[in-house]
Amino acid sequence: MSTAVQARGTAAIARPDAATGRTRRAGRRNTAIAFGFLAPFLVAFLLFLVWPILHGIYLSFTNQSLTGAGGAFVGFANYAEALTDPVMWRSLGNTAWFTILSTIPLVLIALIMALLVDRGLPGQWLWRLSFFMPYLLASTVISQIWVWIFNPQIGAANAILQWFGLEPIAWLQNPATNMYAIVIATVWWTIGFNFLLYLAALQNIPQQQYEAASIDGAGSWRQMWSITLPQLGPVTVVVVILQVLASLKLFDQAYQMMGGLSSETTRSIVQYIYETGFVGYRFGYSAAISYVFFAVIVILGVIQGVIARGRGRVQR
């Protein structure tokens, strides 16, 4: 009797141990399968993101040249030179000025366009298509279109000015206007993306709020200021952050519209990094400039995050 009881007790103890072993083996098998599915992404992530970042940091501490010469460790000499380089600071200032000039209209005009379409303009599909279509074009196409528009002799921009009785302008050749010309082209090119973000946000606002406001006697303007714009606050924060980050990467359209020339008023920090590394052959120094620029972007991102969190607390 006691022997049978002991056997059943031993079997009862053994069964949980066996079940635990099977569970562990199944868990290891599932983990291996998961890593198998993740392996292609992890390989690409390490090869095309992590490794270039680490290699770039290493290059920033050397005097590596594009020709293969150099490569000696120079410590923080490149960073010290970058912080005292007037061309770098001027290029960074041009980038900041472009960001300010482009971000404001790209947010405000996109909001106005979305409001007009959301209010029920006839032929909404045509408006949406025409507003978003330029965003699908390549930067080379956009640049060529606007180079022709800003042509001093036969361009449409000067034709419009002359129609109003104004003198023609050498838009891209004049240092006083070439940055504004690039901003105009950029706004026309990229505003469709922000327009779609605002339009999607507008269509997610519950219509019951507008109906309740109408019953209370609120007109269209009061509904916009009291319902629409407050509801668009979070989306506006996202649009501003995305637009600032996109504008800070100015290179393609400015470089192509200026014909690859280095203008003191349109050279961006990204273009200066390119010129330093691929024209001046100073890979190490260009890497140092790129990480100084990266530090500036991180600081701006932190500031924007703090402001966004502060706005969120106030709204709550």
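Quick notes
- Restricted to Cα atoms, the range 176-316 shows a radius of gyration and a Dmax of 20.8, 69 angstrom.
- Taking each residue as 0.36 nm, the span from residue 46 to residue 104 lengthens on full extension beyond its C-alpha to C-alpha distance by 17.2 nm.
- Estimated FRET transfer efficiency when R0 is 45 angstrom, pair residue 144-residue 299 (beta carbons, to 0.05): 0.80
- Theoretical gain in end-to-end length, residue 154 to residue 210 [0.36 nm per residue, Cα-Cα removed]: 15.2 nm
- Rg(Cα) / (2.2 N^0.38 Å) computed for the range 49-201, rounded to two decimals: 1.46
- Amide hydrogen neighbours beyond the local backbone of residue 74, cut-off 5 Å, H modeled: 62, 63
- Between residue 226 and residue 176, the FRET efficiency from the beta-carbon distance, with R0 = 30 Å, is close to 0.10.
- Under the membrane-span-like helix rule (DSSP H runs whose alpha carbons stretch at least 20 Å along the helix axis, mean Kyte-Doolittle hydropathy 1.6 or higher), the chain yields 233-248.
- The mean accessible area for residues of the chain, using a 1.4 Å probe and ignoring ligands and nucleic acids, is 60 Å² per residue.
- At R0 = 41 Å, FRET efficiency that the Cβ-Cβ distance of residue 57 and residue 200 yields, to 0.05: 0.60
- Whole-Å semi-axes of the range 195-255's equivalent ellipsoid (Cα gyration tensor): 34, 10, 9
- Among 141, 303, 27 - extreme Cα towards positive end, dipole of the chain, charges at beta-carbon: 27
- Solvent-accessible area assigned to carbon and sulfur over the range 29-149 amounts to 79 percent, based on a 1.4 Å probe.
- Over the chain: helical MRE at 222 nm, DSSP H runs n ≥ 4 each giving -39500 (n - 2.57), nearest 500: -23000 deg cm²/dmol
- Between the residues 210, 281, 240, the greatest Cα displacement towards the positive end of the dipole of the chain, with unit charges on the Cβ of Lys, Arg, Asp and Glu, is found for 210.
- Rounded Å value of the spacing that divides the Cα centres of the range 164-196 and the range 29-48: 46
- Translational diffusion of the chain, µm² s⁻¹ [Kirkwood Rh, Cα pairs; Stokes-Einstein; 37 °C; 0.692 mPa s]: 133
- Treating each Cα of the range 124-243 as one equal point scatterer and applying the Debye formula with no solvent, the log10 of I(q)/I(0) at q = 0.14 Å⁻¹ comes out as -0.79.
- Entry note, the chain: relative contact order of 28 percent, from Cα contacts under 8 Å with a spacing of 6+ residues.
The values are calculated or read from the model by the stated rules, or taken from the named source; none is laboratory data. Given the structure is predicted, the values throughout are model-derived calculations rather than measurements. Every residue, glycine as well, gets a Cβ built from its backbone with ideal geometry; the counts of neighbours run over all protein chains shown. For accessibility, only protein heavy atoms count, side chains too; no ligands or nucleic acids. Shrake-Rupley method; radii C 1.70, N 1.55, O 1.52, S 1.80 Å.
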